[in-house]
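Colleague: Next up is a structure, given as structure tokens.
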């Protein structure tokens, strides 16, 4: 009886970690691929990274998108978009940065993270995913939201030949400048700062003080598409639009009525824009 219970428990756990989606899920390809979504943890330097892989059915390799969340966000913020893209033929990987949120599914503490530690995470994740059989490394795209958008730009700037395109939603490209305006020097940063109610370390600010976002954008010659809501109260749409206007490879789309964190309708439009961006 005990053995039967163990077998049943194992089947339940497998079912919880691997979900097949029917063809009624949205898609933008000529016909739906069907896909599975499963937990797909990685290990970086002996430390755990929690992630979810959305994989189309059929033979790969597939064009692949790696999604980066914002401050205290998670891989789940991209779930709606990833499901649509996977059903449209893209392998999608969304993960939690180490120390990137209070969920603690990935290793690390929020007091130890910064844009540069997240850049290191994204770099390692990208290089691991590139080696997977399902990934077409010649069609590897990076997508980021909010702080994850800044991290995505910094990563693409360092590895331009490995990134086929960059897609950003309400990216926090203004963080380096606003930090310099807020703190004249490192001595002005509180010993135990908090951001949006979350404890962070001084490194969160010191690591961005010397970042030149225009220099980073200049270092990436590939196409960049930015979606930003005109109701965003956290990251100024006008400021990001002004930064984008200085770079010929940047296209900017205004999302009417959307704030910092898109509605379900905004996320569906995001998936459509991303699909078109990656298939043009």
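The values are calculated or read from the model by the stated rules, or taken from the named source; none is laboratory data. Keep in mind the model is a prediction, meaning the values are calculated, not measured. Ideal geometry is used to build each Cβ from the backbone, glycine not excepted, and the neighbour counts take in all protein chains shown.
Colleague: The conditions are (1) in a helix (DSSP H, G or I); (2) buried (at least 19 other Cβ atoms within 10 Å of the Cβ), and residue 178 fails exactly one of them. Which is it?
Modeller: (2) is the only condition that residue 178 fails.
Colleague: Could you please find all residues in the stretch 160-175 being over 22 Å from residue 85 (Cβ atoms) and in a loop (DSSP other than H, G, I, E, B)?
Modeller: Passing the criteria: 172, 173, 174.
Colleague: Please work out which residue is farthest from residue 65 (Cα to Cα), limiting yourself to the stretch 220-240 and to residues that are under 20 Å from the mean Cα position of the chain (by Cα) and in a helix (DSSP H, G or I).
Modeller: 237
Colleague: Looking only at the stretch 71-100, how many residues end up being in contact (Cβ under 8 Å) with a residue 60 or more places away in the chain, out of contact with any strand residue (DSSP E or B) (no Cβ under 7 Å at 6 or more places or on another chain) and more than 19 Å from residue 142 (Cβ to Cβ)?
Modeller: Residues in the stretch 71-100 being in contact (Cβ under 8 Å) with a residue 60 or more places away in the chain, out of contact with any strand residue (DSSP E or B) (no Cβ under 7 Å at 6 or more places or on another chain) and more than 19 Å from residue 142 (Cβ to Cβ): 0 in total.
Colleague: Also, I was wondering about something else. Test residue 216 against the stated conditions and say whether it is touching a residue at least 40 places away in the same chain (Cβ under 8 Å), surrounded by 13 or more Cβ atoms within 10 Å (Cβ to Cβ) and either under 19 Å from the mean Cα position of the chain (by Cα) or in a strand (DSSP E or B) (or both).
Modeller: Here the answer is yes, as residue 216 does meet what is asked.
Colleague: Cβ-Cβ below 8 Å, separation at least six or inter-chain, first residue in the stretch 101-115 and on the phi < 0 side of the Ramachandran plot and in contact (Cβ under 8 Å) with a residue 40 or more places away in the chain, second assigned to a loop (DSSP other than H, G, I, E, B) and surrounded by fewer than 16 Cβ atoms within 10 Å (Cβ to Cβ): which pairs?
Modeller: 110/102
Colleague: Right, next: Looking at the stretch 194-204, which of its residues are buried (at least 16 other Cβ atoms within 10 Å of the Cβ) and without any contact (Cβ under 8 Å) to a residue 60 or more places away in the chain?
Modeller: The answer is 202, and nothing else.
Colleague: For the stretch 20-41, give me the residue count where each residue is farther than 22 Å from residue 265 by Cα, buried (at least 16 other Cβ atoms within 10 Å of the Cβ) and modelled with pLDDT under 95.
Modeller: Number satisfying all stated conditions: 0.
Colleague: Which of the residues belonging to the stretch 155-172 are in contact (Cβ under 8 Å) with a residue 24 or more places away in the chain and surrounded by fewer than 24 Cβ atoms within 10 Å (Cβ to Cβ)?
Modeller: 157, 158, 159, 160, 162, 163, 164, 165
Colleague: Restricting attention to the stretch 266-280, which residues are in contact with a helix residue (DSSP H, G or I) (Cβ under 9 Å, 6 or more places away or on another chain) and either within 14 Å of residue 26 (Cβ to Cβ) or not in a helix (DSSP H, G or I) (or both)?
Modeller: 267, 268, 270, 271, 272, 274, 275, listed by residue number.
Colleague: Do any residues in the stretch 261-279 that are under 18 Å from residue 141 (Cβ atoms) have Cβ atoms under 7 Å from those of residues that are surrounded by fewer than 19 Cβ atoms within 10 Å (Cβ to Cβ) and modelled with pLDDT of 95 or more, where the two are at least six apart or on different chains, and which pairs are they?
Modeller: 267/80; 272/28; 273/253; 275/28
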